[in-house]
Amino acid sequence: MTHLHVEHMFSPDGKSLIYRLRGVLGESTYSYDFSDDMRKSIKDGPEKVILNLEKLEYITSAGVGVIAAGYTSAQRADKRLMLCCVPPKVRRVLEICGILDVVPASDTEDEALTA
């Protein structure tokens, strides 16, 4: 399996933080480090955090837990966590786990930014 690679940037208006994930979100130090960083960014950062999953190859149950922890952190901080560009393989896992029933997902990054 490949490692998780994370790129992050702020939206032009500064109201959203976008994480672009590539590789595997699962049982790795990289995934847990990302979880810690994301939760800190939710607490200290802008009102919305967007996870762009377009280049995510695979997600495990631990990766689903990372997203769930981010969502919980966002709820507690009165902020929003959104997903976008979810590939079919990843979407299937998220549907089975029920994450897409609670975490909003958009087809494109632009849609997530304007939602």
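The values are calculated or read from the model by the stated rules, or taken from the named source; none is laboratory data. Note that the structure is a prediction, hence the values are computed from the model and not measured. Quick reminder, even Gly has a Cβ in these numbers, built from the backbone with ideal geometry, and neighbours come from all protein chains shown. Keep in mind that these areas ignore ligands, DNA and RNA; they rest on the heavy atoms of the full protein, side chains included. Shrake-Rupley method; radii C 1.70, N 1.55, O 1.52, S 1.80 Å.
Any residue in the stretch 90-115 that's more than 17 Å from K55 (Cβ to Cβ): show its pairings with residues that are buried (at least 18 other Cβ atoms within 10 Å of the Cβ) and not hydrophobic (A, V, I, L, M, F, W, C) at Cβ separation under 7 Å, as long as the two are six or more apart or on different chains.
V102/Y71; V103/Y71; L113/S16; A115/S106
Taking only the stretch 1-30 into account, find how many residues are among the hydrophobic types (A, V, I, L, M, F, W, C) and in contact (Cβ under 8 Å) with a residue 60 or more places away in the chain. Spell out the reasoning first.
Initial filter on the stretch 1-30 (among the hydrophobic types (A, V, I, L, M, F, W, C)): 1, 4, 6, 9-10, 17-18, 21, 24-25.
Narrowing further to those that are in contact (Cβ under 8 Å) with a residue 60 or more places away in the chain: 18.
Result for the stretch 1-30: 1.
Test A112 against the criterion of being open to solvent by less than 10 Å² (accessible area, probe 1.4 Å), over 23 Å from S28 (Cα atoms) and not charged (D, E, K, R), and give yes or no. Step through it out loud before you land on a result.
Values: open to solvent by less than 10 Å² (accessible area, probe 1.4 Å): yes; over 23 Å from S28 (Cα atoms): yes; not charged (D, E, K, R): yes.
Yes; evaluated as a whole, the condition is true for this residue.
Would you check if there is a residue in the stretch 31-44 being in contact with a Cys (Cβ under 8 Å, 6 or more places away or on another chain) and under 17 Å from P104 (Cβ atoms)?
First pass over the stretch 31-44, keeping only residues in contact with a Cys (Cβ under 8 Å, 6 or more places away or on another chain): none.
No, because not a single residue in the stretch 31-44 is in contact with a Cys (Cβ under 8 Å, 6 or more places away or on another chain) and under 17 Å from P104 (Cβ atoms).
Let me spell it out: the conditions are (1) open to solvent by 90 Å² or more (accessible area, probe 1.4 Å); (2) in contact with a helix residue (DSSP H, G or I) (Cβ under 9 Å, 6 or more places away or on another chain); (3) more than 20 Å from T114 (Cα to Cα), and R92 meets all of them except one. Which number is the exception?
The failed condition is (2).
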